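The structure appears right after this line, and notes come after that.
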Amino acid sequence: MKCKVITNVIIFTVNEKDEIIKNGTVIIRDGKIEKVGKKEEIIIPQDADEIIDGGNQTALLPGLIDTHNHSSLMRGVVENQRMVEWLPVYDLEHRACVEEDAYHAARLCYLECLKNGTTTIMDMYRFMHRSAEAAGELGIRLHMAPYAADVPPYTFFDTTETNEALIRSHHMTQNGRIRVWMGLEDLFYCSEQMYKAAVRCRKEYGVGIHTHGCEQMEEEQTVRKRFGKSTIEVLEERGILGEHTLLAHCVWIGDEDIKKMAATGTSLAHCPTSAAKLGCGVARTPLMRREGVNVSIGSDGPIDNNGMDLFWEMKFGSLIQKATHCDALVFSAKEMLRMATINGARALNMEDEIGSIEAGKSADLILVDCARPNLQPVYWDGDDTNLLWNLVFSANGSNVDTVMVQGEILVKGGKAVRVSEREIIEMASRQGKDWMRRRKMHEKYITKPIG
Ligand SMILES: [Zn+2]
């Protein structure tokens with residue numbers, strides 16, 4: 001039996017009461033949290049084989065959960081374009097993509113995520129058996145929703161068949177760290193048959209469905225023209241909405257559609273930076289929260305966002321709402337931390353396993369070094385502290401010192417322990433240059449924007 005102890009830390013439990021424990025101790029046994037509480041109330045077990053002492057200068061948080069990502073090596077490559085024009089250019093990387101590209105993209109992206117305190121990632125990409133291999137090297141928890149499409153000319157994406165095969169070969173492997181979903185690009189890329197197949201696989205294998213929707217105005221207008229109804233109505237008709245479905249974006253969504261998402265328990269992967277960068281607009285997340293939609297946070301990956309730091313995403317996701325509503329009360333630090341942790345766990349149907357620091361859950365935890373200029377000073381007023389605000393509005397991924405998944409330390413002193421970061425970076429750079437060269441050969445095939 002393996003036993004780890006983390007003590008002298010400020011614990012942000014993100015439990016139902018959002019309890020903060022000023023000087024806390026956590027006991028981890030066999031990868032699970034056994035006890036959480038005040039230091040004086042918890043006896044350190046005799047058989048503890050590792051004690052991590054935070055020196056009361058360290059915050060302990062649940063690992064952050066990125067619920068929408070596309071691993072890629074095309075950072076900074078498609079810029080200054082609105083989503084509808086951006087998408088056909090983005091597709092070039094997929095036209096050229098071979099499995100070695102997907103592998104090196106996954107390694108680089110997961111390394112970045114892990115170092116920034118993300119312990120679970122939902123990745124929609126290609127050749128995902130290689131993404132699983134990359135995740136296995138790093139130790140990160142990975143949900144895979146293959147980028148699948150079948151409407152010509154988008155047949156260079158994955159298929160329902162490869163998606164189903166991936167479920168059979170990879171779902172719940174690596175001690176449950178790998179989970180497979182049914183992935184669908186969107187209503188323009190996927191035929192009705194693909195949606196039917198996704199519903200069938202959800203029933204047959206008990207897996208979730210992940211897809212995009214309502215990202216940009218022209219896209220939603222074209223859906224209405226083509227289908228005579230909104231994206232959410234089409235998805236409802238096709239049996240997609242429900243507790244096992246996670247929708248990315250939903251910026252252009254009406255009041256009735258928001259109610260439908262809430263009533264069916266459909267979760268949102270909200271990507272505030274990506275929506276801003278691609279000129280999509282500002283999602284109506286305060287209303288969605290009020291209506292009861294589970295709102296989680298996604299980075300959308302390096303090509304949509306340029307960075308994958310959920311500390312940034314929490315801050316920006318709050319600020320953009322405060323700015324557009326002219327209301328400083330919208331989205332507190334507490335609410336943003338919930339979005340990046342427990343709401344993400346719920347979106348991935350893992351709220352009983354991860355997303356908060358509570359006994360019985362997996363020890364997916366991060367230690368943030370608070371003895372840094374951007375996180376000081378720290379004040380206390382009873383159990384209340386400004387540190388919560390400092391973590392959400394002042395911290396960044398480079399403040400993360402230690403990252404663990406299932407109690408296994410994957411990042412220590414800010415460095416990945418299982419892999420050579422240098423080797424990953426060098427190989428990604430080499431592969432990326434070759435991919436860029438091959439990608440260029442497809443430029444003549446760029447399709448027209450939707451709308
Ligand atoms: Zn996406």
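When shorter helices are ignored and each DSSP H run of at least 4 residues is given -39500 (n - 2.57), the per-residue value for the chain at 222 nm works out to -11000 deg cm²/dmol. Here the simple spin-label model places points 7 Å from the Cα toward Cβ, and for Arg437 and Leu319 these points are separated by 4.0 nm. Charging the Cβ of each Asp and Glu at -1 and of each Lys and Arg at +1, and nothing else, the dipole of the chain about its Cα centre rounds to 600 debye. Please compute the net charge surrounding Gln321, taking Lys and Arg as +1 and Asp and Glu as -1 over other residues with Cβ under 11 Å from its Cβ. Surrounding charge for Gln321 is +1.
Compute the separation of the alpha-carbon centres of the stretch 340-364 and the stretch 129-205 and state it in Å as a whole number. With the stretch 340-364 and the stretch 129-205 each reduced to a Cα centre, they are spaced 22 Å. Given their separation in residues at 0.36 nm each and the Cα-Cα distance between them, Glu423 and Asp30 gain 138.4 nm when the chain is fully extended. Surface exposure of the chain, expressed per residue as accessible area with a 1.4 Å probe, stands at 38 Å².
Each residue of the stretch 285-291 is assigned a 3J(HN,Hα), and the resulting list reads 5, x, 5, 4, 5, 4, 7 Hz, derived from the Karplus form 6.51 cos²θ - 1.76 cosθ + 1.60 (θ = phi - 60°), x at Gly and Pro. Ordering Ala145, Thr222, Gly54 by Cα displacement along the dipole of the chain toward the positive end leaves Thr222 in first place; charges were set at the Cβ atoms of Lys, Arg (+1) and Asp, Glu (-1). Measuring nothing but protein heavy atoms, the accessible surface of the chain at 1.4 Å probe radius is 51 percent carbon and sulfur.
For Asn175 and Glu100, the difference between the fully extended length at 0.36 nm per residue and the C-alpha to C-alpha distance is 24.5 nm. Stretching the chain fully between Val77 and Gln193 yields a gain of 38.4 nm (0.36 nm per residue, less the alpha carbon separation). Of all aspartates and glutamates in the structure, the ones whose alpha carbon falls short of 12 Å from that of Lys361, not counting any fewer than 8 places away in one chain, are Asp30, Glu34, Glu351, Asp352, Glu353. Would the stretch 248-356 count as rounded, prolate or oblate if I go by the C-alpha gyration tensor, calling it rounded below 1.5 in a/c and otherwise prolate when a/b exceeds b/c, oblate otherwise? Rounded shape, in that the Cα axes give a/c under 1.5.
In the chain, the sites counted are GluC sites (Glu not before Pro) in DSSP loop states with at most 14 other Cβ atoms within 10 Å, and the longest stretch holding none of them, exclusive of the sites, is 244-451. Cα centroid separation, the stretch 253-291 to the stretch 403-451: 29 Å.
Taken along the Cα-to-beta-carbon direction at a fixed 7 Å, the label points for Cys326 and Asn386 span 2.9 nm.
Database remark: amide H of Tyr125 closer than 5 angstrom to the amide H of Ala145, Tyr147 (H placed geometrically; neighbours at sequence offset of 5 or more, or on other chains; Pro and chain starts carry no H).
Near Asn399, once Lys and Arg are set to +1 and Asp and Glu to -1 for all other residues with Cβ below 12 Å from its Cβ, the sum equals -1.
Here the Karplus curve 6.51 cos²θ - 1.76 cosθ + 1.60, taken at θ = phi - 60°, turns the phi angles of the stretch 15-29 into couplings of 7, 4, 9, 6, 5, 10, 10, 4, 10, x, 9, 10, 9, 10, 10 Hz, with x standing for Gly and Pro. Computed from the Cβ-Cβ distance with R0 of 45 Å, the FRET efficiency linking Thr447 to Glu40 stands at 0.10.
Dimensions of the stretch 132-253 from C-alpha coordinates, computed as largest minus smallest value along each principal axis and given longest first, are 45, 28, 25 Å. Spin-label model, Thr162/Lys225: points 7 Å from Cα along the beta carbon direction are separated by 3.1 nm. Rounded to the nearest Hz, the phi-derived 3J(HN,Hα) couplings of the stretch 110-117 under the Karplus curve 6.51 cos²θ - 1.76 cosθ + 1.60 (θ = phi - 60°) are 5, 4, 4, 4, 4, 5, 8, x, where x marks glycine and proline. By the gyration tensor of its Cα atoms, with a ≥ b ≥ c the square roots of the eigenvalues, what is the shape of the stretch 64-347: rounded for a/c under 1.5, prolate for a/b over b/c, or oblate? Verdict is rounded for the stretch 64-347.
The values are calculated or read from the model by the stated rules, or taken from the named source; none is laboratory data. Since the structure is predicted, the reported quantities are computational estimates derived from the model, not experimental observations. So basically every Cβ, Gly included, is an ideal-geometry build from the backbone, and we count neighbours across all protein chains shown. What goes into the accessible areas is simple: the full protein's heavy atoms, side chains included, and nothing from ligands, DNA or RNA. Shrake-Rupley method; radii C 1.70, N 1.55, O 1.52, S 1.80 Å.
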